[in-house]
Each structure stands twice: as C-alpha cells, then as structure tokens.
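Scroll down for the structure; my scribbles are underneath it.
The values are calculated or read from the model by the stated rules, or taken from the named source; none is laboratory data. Computed from a predicted model, the values in this text were never measured in an experiment. Glycine gets a Cβ as well: all are built from the backbone with ideal geometry, and neighbour counts include every protein chain shown.
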Amino acid sequence: MSNFRVIIVGGGLSGPLLGNGLLANDVDFVLYERDAEDAEYEGYQIRLGEGALRGFAACLPEARTQEIMRKLGKSTSTVQTAPSLYTSRFEQLADFSKVPSYTKSSAIDRVVLRNLLMEPIKASKRVRYGKELTSYDITTDQEGEEKVKVHFRDGSCDVCDVLIGADGSRSKINQLLGLNNLVPLTSHWSFLSKGSVPYERVLELPEQLRKGPIIVMSKEVKLFYALYLPEDYHHKTASTNNTKLMAYDENAASFYWGLSVPVDSIPYKKAKDMKDRRQICSDLIKGWAPEFHKMLNIDRDDQGAQDLHVTMFNASTQPSWEWREKTRKLGPVTHGHPRVWLMGDAIHAMQPARGQGGNQAMSDCADALPQLLKLHSLVLARDESGRSVTSMDISIACKEI
C-alpha cells in the first residue's frame, strides 16, 4: 500500500460508497462519522435511479450491487417506477411512468442501503465513530510534503493527502472551504413521516401507491407519498380478505411521505412549538380529498408510532467554475484548497421530499474515485523516491471532478 491517504468525513451514503471503491483498489483511507456507532438511524426512503447505479458501477463489486438490488421495492408490475401527479381532489393529472424521457427509479429504505454500504468499511476497521470535525489545517510533514491535518471535537487529529467532505447539507467542511453555497430554505416547513406497511395497511391505501409514488402540488403545499415494498423471496403471492397482492417483506416494508408548506401557513416560528403535528398536517390539507387524509393518518393509532419530524431543509446555489481561485484570494490558506473536496449534499443539497437526493451524492462517487485512483497510481510510480503526490497533481485532479 502506498503512502497516499484519504480521509472521508461523513457516513451517510456517498462517504461509505466512495470508501468501498477505495477499499477495492487498496487505497489507504479512513472514514470519520460524527454519530456514535450505536446511534439509531431512522432515515427515510430514497429512490435509486441512473445516478446511484452509476456510483455502484464505479465503486462496488457486482455481488454487493446485486445484494442491494435484492432490497429494492417492487411495484405491482416492475422494479423501476415513476411518480404520478395528482390534484388535491385525488384526480390523476399525469403518469410519468408513461413519459419515455422521465427517469425511472426504485425505492429503497435509506437505512437498509446505508448499512449495506457500510458493512465492508466496518469489516475493514476503517470507520471511526463519534468524531465531529471542527477544523482542518494545511501543513507540511517532516519530509516537506504538503498534507491536510484534520481536527476533531474530542481533541484528536489525523493527517491525509486529500480530505473528502461528505458531511451533508449542513456541511462544516463547506464552510471551512469558504464556499458557503448552502442556504436554509426558510420559506417552508417540511413535515416527514415513515411507518410500517403490513398487508392490511396496503389494502387501506390507494391502489396507485402500489404502482408508484404520488405527488400533489396545491396552493404552495406539496405532498410526496411513496411505499417501499421489498420483495419476499420466500413467497410469490400474498392475500388478505380474499384479495391477492404481490408478496413483499412485511417486516421491512414502509411508507414515507413529506409535506412541504409555506411558513406563513401555520402560526409557529419554531418546530418545538408544534405539539400535535399530525393534526397540523390534517388542517393544512383540510379541503383535500378523503384519500389524502387517510394516507397521512394511516398509522395514527399505532402503538409507539413516532411523531412527525419537522425541519427546514437546506438548498444550494451553483458554484462558479472559479470558486476555488476566488475564495483563495479572499481568505486563509484553507479556503478553496484543492486538497479538500466536497461530495453530495455537502456541495449540492437535495431535498428528500421526492426521495431523489441520494442519487446525486452517489453519482459524485463515480466522478471522484477515478481521480483519487490516478493520484494513488502516481504515488505508486514514485515509491522508489518516496515522494507523495504534489500540490500540482492534486490541483489537476481536483479540476477534473
């Protein structure tokens, strides 16, 4: 193994996926995750499309990709689906699955996918939990080689040649780089919910949800609703009350919905002040068809059902091609430095309301991995001299992402 070293900060989706690619190519790396190892990741549903598959092809062995594919949700007719657009009266306006140019996707539970991606990284003992990054410095080692020194809240530090910021839409590394293109969407509150889908519940929900997600946009209120029905490989069919339906893994299945509303549509300034969040959502869609009220309250009486999560998401502005050069002129040496890269939501935040956010993050891995492997190859070629990658090497690779 060469002395080229990568530090990945963030154990969501893109961080572990990139780590798999580095692991497969014998590149020295370590992944730092802010949360504790035993933290419970609730996570919501995402939909895997072309971007995610591109990342899988670049970073994963075929066996691991196939294992992920086996966890995809199935509709009544196909694996890949597209949403349908409905009015608030529950009238279908458009079925995007019939539009050839619309990108199809497949549902998967975010926690399921994350665990599958993290397993090889954990097995290789390259994960450090409970490590919150606070800052980084650009330093020089004893051989005069430029390095990145990463500092964590517990007082520890580590050194690498390239630091990868995969730390999400509230990225600390984005701020330290001086990019600051992540902005809070203070105009809207987002209510998020996830719950179980036993067979009886599927039959209570609109049949269209078995074919694909439903999207509603009415008077600045937006609803996205989807089911995750992973295939049951032990049974081919299931039936309830003499009604046959596709067999699925009842224990792993889930529903997910997100309701986005203008902040001035409710009399609350802080999420903590919203006590009965489900009732708030019901009031917000008061004039909508009964089907939607059923959908949003499908688990209301479940024992131990979690309260709705309320948040304001971050969005991102498009950085200019010269953003690194501009920030380096205006700030300290850490600003815009080519040894620090950003991926996924850490540079282009995607809201999960349509379940598509993870696709861009995982697609980024297909762009970053080849450049890291080039740098690794340069070091291998220079092993006799013992030289590491130069700042020029890093700058060239950074521009190619």
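The rows are residues; the columns are (1) more than 27 Å from the chain's Cα centre (by Cα); (2) surrounded by 19 or more Cβ atoms within 10 Å (Cβ to Cβ); (3) at pLDDT below 90.
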position	(1), (2), (3)
Pro184	no, no, yes
Ser187	no, no, no
Phe191	no, yes, no
Lys194	no, yes, no
Pro213	no, yes, no
Phe224	no, yes, no
Leu227	no, yes, no
Asp232	no, no, yes
Asn242	yes, no, yes
Residue pairs within 8 Å by beta carbon, gap of at least six or interchain, first lying in region 202-223 and within 16 Å of Leu192 (Cβ to Cβ), second surrounded by fewer than 19 Cβ atoms within 10 Å (Cβ to Cβ) and of a type in the set (Ser, Thr, Tyr), listed first then second, are Val216/Thr87; Val216/Ser88; Val221/Ser265
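Residues checked against (1) among the acidic types (Asp, Glu); (2) modelled with pLDDT of 95 or more; (3) within 13 Å of Val9 (Cα to Cα):
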position	(1), (2), (3)
Tyr136	no, yes, yes
Thr139	no, yes, no
Glu145	yes, no, no
Asp154	yes, yes, no
Ile164	no, yes, yes
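Taking region 272-304, which residues are exposed (fewer than 14 other Cβ atoms within 10 Å of the Cβ) and not basic (Lys, Arg)? Talk me through it step by step, then tell me what you get.
Here is the first cut: in region 272-304, the ones exposed (fewer than 14 other Cβ atoms within 10 Å of the Cβ) are 272-273, 275-276, 279, 283, 286-287, 290, 294, 300-304.
Once the filter is applied, which keeps residues that are exposed (fewer than 14 other Cβ atoms within 10 Å of the Cβ) and not basic (Lys, Arg), region 272-304 yields Asp273, Asp276, Gln279, Asp283, Gly287, Pro290, Asp301, Asp302, Gln303, Gly304.
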Leu375 fails exactly one of (1) assigned by TED's automatic domain parsing to the domain that holds Ile138; (2) touching a residue at least 40 places away in the same chain (Cβ under 8 Å); (3) under 23 Å from Pro184 (Cα atoms), namely (3)
Contact list, first residue from region 68-79 and not assigned by TED's automatic domain parsing to the domain that holds Met362, second anywhere and modelled with pLDDT under 70, beta-carbon distance below 6 Å, six or more apart or interchain, is Leu72/Val79; Thr76/Met246
The correct count of residues that are part of a loop (DSSP other than H, G, I, E, B) and on the phi < 0 side of the Ramachandran plot in region 287-310 is 14
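Give the residue, chosen from Asp276, Asp307, that is under 26 Å from Asp109 (Cβ atoms) and of a type outside the set (A, V, I, L, M, F, W, C). Reasoning before the result, please.
On the way: Asp276 fails: under 26 Å from Asp109 (Cβ atoms).
When all the criteria are applied, what remains is Asp307.
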Residue hits (region 310-328; charged (D, E, K, R) and surrounded by 13 or more Cβ atoms within 10 Å (Cβ to Cβ)) are Arg324, Lys326, Arg328
Note on region 190-213: residues touching a helix residue (DSSP H, G or I) at 6+ places or on another chain (Cβ under 6 Å) and in a strand (DSSP E or B) are Phe191
Restricting attention to region 358-389, the residues that are out of contact with any Asp or Glu (no Cβ under 8 Å at 6 or more places or on another chain), of a type in the set (Gly, Ala, Ser), modelled with pLDDT of 80 or more and surrounded by 24 or more Cβ atoms within 10 Å (Cβ to Cβ) number exactly 1
Within region 155-180, residues touching a residue at least 12 places away in the same chain (Cβ under 8 Å) and either assigned to a loop (DSSP other than H, G, I, E, B) or not assigned by TED's automatic domain parsing to the domain that holds His337 (or both) come out as Ser156, Asp161, Ala166, Asp167, Gly168, Ser169, Arg170, Ser171, Gly178, Leu179
